[in-house]
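Before any comments, here is the structure.
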Amino acid sequence: MKSIFFVFSFVWTVFSLYAQNNQKDTLKVVDAESKKPIANAILITKHHQVYQSNLDGDFLFGKNLKDSLLLKAAFYEDVNFVYQHQDTLFLKTDSAPETFLDNDKRRLDSLILKAATQKFKADVVERTRIENKNDSLAFDMRKSSVYKKYDASTDQVVIDELDLNGFEDAGYNAIRQNIVSYNLFQDKISFLKDRVYSALGGMRYRAYQFYSLHQDDRQTVLYFTSKKKRFAWEGLIFINNKTAAIENYTMSFDAEYQLYFKATFDSNNQFPLSHELYVRPGYGGEKLSFFGGTIKLGEIQPRSFSDKPPAHLSHRRVYAAFSELNENADNTTIQTKFYSGKPPQINFWQNIAYEFMTEEPKSGEYVSDYISNNNLSSRLRRRNAFEQGFFPLNFTDIDLTRLVKLNNYEGIRLGLGFQTNSRFSDRIRLGAYTAYGTKDTSFKYGFSGGVLLQKETNTWLNVDYENDIKEVGTNQFLTDQRVYSIFEPRLVNITYFYKYNTLGLGLQHNFTPQVMSELRFERSEINQTRDYTFNTSDKSLSDYTLSIAKFGVRWMPNSTYLSIDDRVFLQNENTPTISAQVEHSFANLIDGDLSFTKLSAKFDYIHKHINNHTSELNIEGNLGFGDLPITHAFHALPNSPNQEKILNRFSVAGVKSFETMYFNEFFSTKQATLHFKHFFPTFHILDFIQPQLVLISRHAIGGFDAQYKHEDIDFQTLEKVYNEAAVELNNILFGFGLSFAYRYGAYQLPSFEDNVSFKFTFYLKL
């Protein structure tokens, strides 16, 4: 009996010790006044082991702590205590911790430079889950890649395998989107859809205030927080003093949504070891989702309040198998590469030696049924096409820009257009459209076709024919990307068009992914819609034939691209964008009547400030010489209807137009325009009411050579500077806002009312 009792006592003692050593104890730290959790606090043991609190203010321990502990948090009093299963510690506010000195900055700068300049290649595996406790519909994505880091700002990802739970095809969205940036030493890093300044990047001292939170023989802990109080970004940098290296880097955010991110580095060679990200709903007002739109799969937080159980995102990435990188960064404008035609490997994920990768996706069959029953793959394909102005129907895409338009010449313009897509052919595309104006009772139509000559350079040979109308004085750049808007504001008020019948041949080619070009030849028959005569040195013409050659180039030096099966797609469009074009009309070539030359260039730049303000600058210059008719001259995008009363001129403000300049008031053969906009951060009133204030300044100058050659038309020229100031309050409700503009300076009109424009704006984000 004694032996049985001894054995039982021994087993119980061993079990108790094991349970005690493996118990997950928790300590919570909160603000003593507000009772809000305190993230980014650190707990230091007498053996210099450091723990960090999470978004809930919790410290998690792998065993019972009997040490005397030191608790530190920025802007709070230090606390010395012995842990005795306290549930919560209430911290009192204190003065700020010690700020950085010049020596501290120089040390941090040298450590960051050491890590940022590492050049290597590594195998990377990562997994992203979005799920909630009460819903079996879980988003689960696994990715295996080869990562190449060339320098502090240049890297590339070559995806080997990509599995999106329930989808047969991973799709463009999964390929193009990185949940977390791989390179943390760039000025900005990505978390899901947002780009924020990195405390390890070149803008760190402008974006963040740094403090010294803790230092001992083994390590130094730095705390940083956004300089602008409107932002809730903060975090910690852990430095190993013995190896002089950054070991850990964390960032957290607690506002519209909640985010916690941790990066771990090898303390000897500074290679990245792992990234961990956790995201969950915050106070709302911002939609957070992998796919966006109305897709529920992969949704973390809707824009408006929902009683749906809160979802959360968890992401983990591991780096391994590092090797020296001998390649040059010549082709790194393509940041992501993927080949979809590889044969599937059986048990691929089970062969990867990481437990978090081998675990089977949750509710895989249910997710597959949901995707199939809700036709989710087709919905995603339609949404991507819709953003470009198309609606896909099997092997054709309906052109949404052709359906309904309104202007003063045609009245209501009803149309239908289509273009074949990749389901029809990867190398051939066909298109056609027709339209009818209820006021001019005339049909317009066009046909087009193209052949892909080379995938890698996106080289297309195109032919097209159009019988249509165009606004007098417009100047279109060949390389301007297709811009789709549900509503085109200027089009409503345009009154002066000309008719054209054009046959064209074009060659599109990308010299590099960042440099696109187009060479085009066309023959056009031009007919007037009102009385107009153009006098040359030997004849007078109302209608004429033009034989034109055009060459345009567009350079986007900071944009990035992805390659899918050798087809290159734009991944992130980053400014500046520089466009240039030359156009020449040949007389006596294929019955050409006029000889003239047009040169055009423009510069677009968007700067996002540290304080979340945004400034936008657009500069454009145009020059024409020779026998240039009014149809092919330049205007400055006027957008004020020719009406006397303000209320009669009430319409829709344009995106880059002069709101107080009347239609057909000015024409130029040489012209320069400048548009400057400054966007303030949005005002969060309600989840669906977030207006944005915009201040605008517009200017134009120009001139007109040989105005006497143009008969039966009256217009002014722009030898002096035209000035306009405007203010907009956009997105007041459902995309609608208000615009107020005022005309001042050399072309100010005698009546105050004639210098004023009051309109509504419409910007709907799909």
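Bear in mind these aren't lab numbers, they're just calculated from the coordinates by the rules spelled out. Fair warning: this is a prediction, and the values are worked out from it, not measured in the lab. Cβ coordinates were reconstructed from backbone atoms using ideal geometry, including for glycine residues, and neighbour counts include every protein chain displayed.
The equivalent ellipsoid that matches the C-alpha gyration tensor of the chain spans semi-axes of 59, 30, 25 angstrom, in descending order. Applying a DSSP loop filter and a limit of 12 other Cβ atoms within 10 Å to the GluC sites (Glu not before Pro) in region 670-766 leaves GLU719.
Span-like helix criteria (full DSSP H runs; alpha carbon extent of at least 27 Å along the helix axis; mean Kyte-Doolittle hydropathy of at least -0.5) are satisfied in the chain by 2-21.
With neighbour counts taken as other beta-carbon atoms within 10 Å, the residues LEU461, LEU113 rank, fewest first, as LEU113, LEU461.
How many lysine pairs does region 658-766 hold where the Cα atoms are under 20 Å apart and the two sit 8 or more places apart or on different chains?
Numbers: LYS670/LYS709; LYS670/LYS720; LYS677/LYS759; LYS677/LYS765.
Within region 658-766, the lysine pair count is 4.
Straight-line cross-link reach from LYS92 at under 16 Å between alpha-carbon atoms covers these aspartates and glutamates, not counting any fewer than eight positions away in the same chain: ASP31, GLU33, GLU77, ASP78. Cross-link partners of LYS193 among aspartates and glutamates, defined as those whose alpha carbon lies under 13 angstrom from its own and excluding same-chain residues fewer than eight positions apart: GLU286, GLU299.
Per-residue packing, averaged as other Cβ atoms within 10 Å, sorts the ranges 400-409, 311-320 into the order 311-320, 400-409, beginning with the highest. What the Cα atoms of region 213-366 give is an Rg and a Dmax of 19.9, 54 Å.
Which loop trypsin sites (Lys or Arg not before Pro) in region 194-255, with loop taken from DSSP, have no more than 11 other Cβ atoms within 10 angstrom of their Cβ?
Values: sites: ARG195, ARG204, ARG206, ARG218, LYS227, LYS228, LYS229, ARG230, LYS242; in loops: ARG218, LYS227, LYS228, LYS229, ARG230, LYS242.
Counting only loop positions with at most 11 other Cβ atoms within 10 Å, the trypsin sites (Lys or Arg not before Pro) in region 194-255 are LYS229, ARG230, LYS242.
Given the Cα atoms of region 310-467, and with Rh set as the inverse mean 1/r over their pairs in the Kirkwood sense, what is Rg to Rh to two decimals? Walk me through the numbers before you get to the answer.
Details: Rg = 23.6 Å, Rh = 21.1 Å.
Expressed as Rg/Rh, it is 1.12.
Under conditions of 10 °C and 1.306 mPa s, region 118-270 yields 91 µm² s⁻¹ as its translational diffusion coefficient, taking Rh as the Kirkwood radius over Cα pairs in the Stokes-Einstein equation. Normalised by residue count, region 202-286 yields a Cα convex hull volume of 107 Å³ per residue.
Each of TYR561, TYR500, TYR366 was scored by other Cβ atoms within 10 Å of its Cβ. Listed from fewest to most, they are TYR366, TYR500, TYR561. Using alpha carbons only, how many angstrom separate the centre of region 562-622 from the centre of region 200-273? If we compute the Cα centre of each part, the gap is 40 Å.
Give the order of LEU617, LEU71 when sorted by the count of other beta carbons within 10 angstrom, beginning with the fewest. Present the calculation step by step, with values, prior to reporting the outcome.
Values: LEU617 16, LEU71 23.
Starting with the residue having the fewest Cβ neighbours, the order is LEU617, LEU71.
For LYS188, a cut-off of 14 angstrom between C-alpha atoms picks up these aspartates and glutamates, skipping any fewer than 8 places away in its own chain: ASP155.
Extension gain, PHE521-ILE428: 0.36 nm per intervening residue step, less the Cα-Cα distance, totals 31.5 nm.
When region 455-762 is described by a simple charge dipole with +1 on each Lys and Arg Cβ and -1 on each Asp and Glu Cβ, the residue from LEU628, GLN716, ILE564 located farthest towards its positive end is ILE564. Highest mean packing comes first when the peptides 441-454, 154-167 are listed by Cβ atoms within 10 Å, giving 154-167, 441-454. Going down the list LYS602/LYS656; LYS143/LYS362; LYS36/LYS262; LYS439/LYS470; LYS105/LYS242, which pairs span over 20 Å between their C-alpha atoms? Correct reply: LYS36/LYS262.
Checking every one of the GluC sites (Glu not before Pro) in region 513-610 against DSSP loop status and a limit of 13 other Cβ atoms within 10 Å picks out GLU573.
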